[in-house]
Ligand code: 6GU
């Protein structure tokens, strides 16, 4: 998969060299290219923004600069992602859909955002898809942190990136629609707290039962919205009442 990220702060994307994403790039599973938006400016001051038409606070990013950048970077069939607090919620489902794409382009806006005609223009093109995505209900200063989130969430779903594909199965926001159960390692006792006895019993069925109940309890307490969205057919008759 190829991912292009365009930003006025390319240095913000430096963590993409590290860890799992860095390894996926080094091994050739992922081709990530970070671009400085100012490369596509033509004036002496390398201007990327201007005042909002109609008045109001802050600055808006210019459509001509973004248009030049995106025309160079987009390929036929690419999926253009624009991080913005006014976008649709980015979820594990979004990451799964994006992991099936050949080419993602992430356009990181700053200030009050990108001139709306940029998204309108590329939406009208039948060879690109455009999605405005939000991480959640809070405001960040720009799209760069969201780009890091999207690249990491998508990259770990690509075949061969996560060493043990089994770790993708049981995790939070996985197929079960539940948060993950609590996990423990050695030592058996720490700070006066013991690892739950059932986990050392060696009784596989009881361990599975305990983990599912903990996942249900935890999800009910922390994310009642996820419990409400569960398919009743996914519950078994031994599940704890939550
Ligand atoms: Cl994707 N961008 C910005 N600027 N703020 C956000 C966000 C994105 N998601 C939540 N807040």
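This table checks each residue for (1) part of a loop (DSSP other than H, G, I, E, B); (2) over 30 Å from residue 29 (Cα atoms); (3) in contact (Cβ under 8 Å) with a residue 60 or more places away in the chain.
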{"residue": "171", "(1), (2), (3)": "yes, no, no"}
{"residue": "176", "(1), (2), (3)": "yes, no, no"}
{"residue": "180", "(1), (2), (3)": "yes, no, no"}
{"residue": "206", "(1), (2), (3)": "no, yes, no"}
{"residue": "210", "(1), (2), (3)": "no, yes, no"}
{"residue": "217", "(1), (2), (3)": "no, yes, no"}
{"residue": "226", "(1), (2), (3)": "no, yes, no"}
{"residue": "238", "(1), (2), (3)": "yes, yes, no"}
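Any idea how many residues of region 112-134 are in a strand (DSSP E or B) and within 15 Å of the ligand (Cβ to nearest atom)? Matching residues across region 112-134 total 6.
One residue alone among 159, 182, 188, 232 is surrounded by fewer than 11 Cβ atoms within 10 Å (Cβ to Cβ), over 30 Å from residue 110 (Cβ atoms) and in contact with a helix residue (DSSP H, G or I) (Cβ under 9 Å, 6 or more places away or on another chain), and that residue is 159.
The requirement of being surrounded by fewer than 11 Cβ atoms within 10 Å (Cβ to Cβ), assigned by TED's automatic domain parsing to the domain that holds residue 54 and within 11 Å of the ligand (Cβ to nearest atom) is satisfied by residue 137. Considering region 52-95, and only residues there that are assigned to a loop (DSSP other than H, G, I, E, B) and within 19 Å of residue 121 (Cβ to Cβ), the residue that is nearest to the ligand (Cβ to nearest atom) turns out to be 52. Looking only at residues of region 102-133 that are surrounded by fewer than 18 Cβ atoms within 10 Å (Cβ to Cβ) and within 18 Å of the chain's Cα centre (by Cα), we find that the one that is nearest to residue 31 (Cα to Cα) is 102. Please work out which residue is nearest to the ligand (Cβ to nearest atom), limiting yourself to region 140-158 and to residues that are in a loop (DSSP other than H, G, I, E, B), more than 14 Å from residue 5 (Cα to Cα) and in contact (Cβ under 8 Å) with a residue 40 or more places away in the chain. Step by step, filter region 140-158, then rank; the result is 140. Of the residues in region 37-44, not one is within 19 Å of the chain's Cα centre (by Cα) and over 17 Å from residue 82 (Cβ atoms). The selection criterion, being modelled with pLDDT under 95 and touching a strand residue (DSSP E or B) at 6+ places or on another chain (Cβ under 8 Å), holds for residue 112.
The values are calculated or read from the model by the stated rules, or taken from the named source; none is laboratory data. These figures come from a predicted structure and were not determined experimentally. Glycine gets a Cβ as well: all are built from the backbone with ideal geometry, and neighbour counts include every protein chain shown.
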